[in-house]
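Everything below concerns the one structure shown next.
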Amino acid sequence: MEIPMAGPTGLTKNALQVGLFSVTPAQVYLGAPPGETAPGLELSPQGLQRVGSQTNTTFWPWENIRVLHVVGAPVKSGPARGLAVAGIAVSLALTWWSVSAPDPMTVVLETDEGSSELTVDSNAAIAYTPRQAELSQALLNHFADGSLSPSLMTKWRENTPEPRRLSARSQEKLLFRWAQN
């Protein structure tokens, strides 16, 4: 079943990270938005769609999704996140410049037709907090069971000033508020 969805656009450069999600005024992605070669997973009120220039577009309606679970997301506690930032700073100083690929995450998707494992890039600069991962998974569960829609995220983003970075704590508060709707 193919339902037209927004797909990647110039708006993705203005995506704000909120937990495991990248949110623009028009789109919500699980993980990082799709790139030139990296596919993405777009969430809409209708369902979940695999998008990207190098991938076949596949759509799963929410009513057909039984399980939607992220495994392998980079998660670290506060002190470990601090050490990771320090390690990156030292690495950059020693090598003058270092660019590493984002950590991949696996999304386990089970539908009436079977199960799939989809890989998307993380949108975390270092890692997610355990609470960000937990609350993001709770939202995914609500989307899959039909009790919430990803549109609550795009509506919030429409009213948020242009790109700013949200602290991990601010993201957690926002995710908690959404999950309680």
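The values are calculated or read from the model by the stated rules, or taken from the named source; none is laboratory data. Being a predicted model, the structure only gives us computed values, none of them experimental. Every residue, glycine as well, gets a Cβ built from its backbone with ideal geometry; the counts of neighbours run over all protein chains shown. Accessible surface areas use protein heavy atoms only, side chains included; no ligands, DNA or RNA. Shrake-Rupley method; radii C 1.70, N 1.55, O 1.52, S 1.80 Å.
Within the stretch 47-106, track down each residue that is modelled with pLDDT of 60 or more and β-branched (Val, Ile, Thr).
VAL51, THR55, THR57, THR58, ILE65, VAL67, VAL70, VAL71, VAL75, THR106
Is it the case that PHE143 is closer than 16 Å to GLY31 by Cα, within 16 Å of the chain's Cα centre (by Cα) and of a type in the set (Phe, Trp, Tyr)?
In short, yes.
Only one of (1) in contact with an Asp or Glu (Cβ under 9 Å, 6 or more places away or on another chain); (2) within 14 Å of LEU48 (Cα to Cα) is not met by HIS142, so which one is it?
(1)
How many of the residues in the stretch 56-71 are free of Cβ contacts under 8 Å to residues at least 60 places away in the same chain and either open to solvent by 40 Å² or more (accessible area, probe 1.4 Å) or within 13 Å of ASN141 (Cα to Cα) (or both)?
So the answer is 5.
Given the conditions (1) under 21 Å from PRO33 (Cβ atoms); (2) at pLDDT 90 or above; (3) surrounded by 16 or more Cβ atoms within 10 Å (Cβ to Cβ), report the number of the one that ARG131 does not fulfil.
Failing condition for ARG131: (1).
Among all residue pairs at least 6 apart or on different chains, which show Cβ distances below 7 Å where the first residue, located in the stretch 159-181, is surrounded by 15 or more Cβ atoms within 10 Å (Cβ to Cβ) and the second is among the basic types (Lys, Arg)?
GLU172/ARG131
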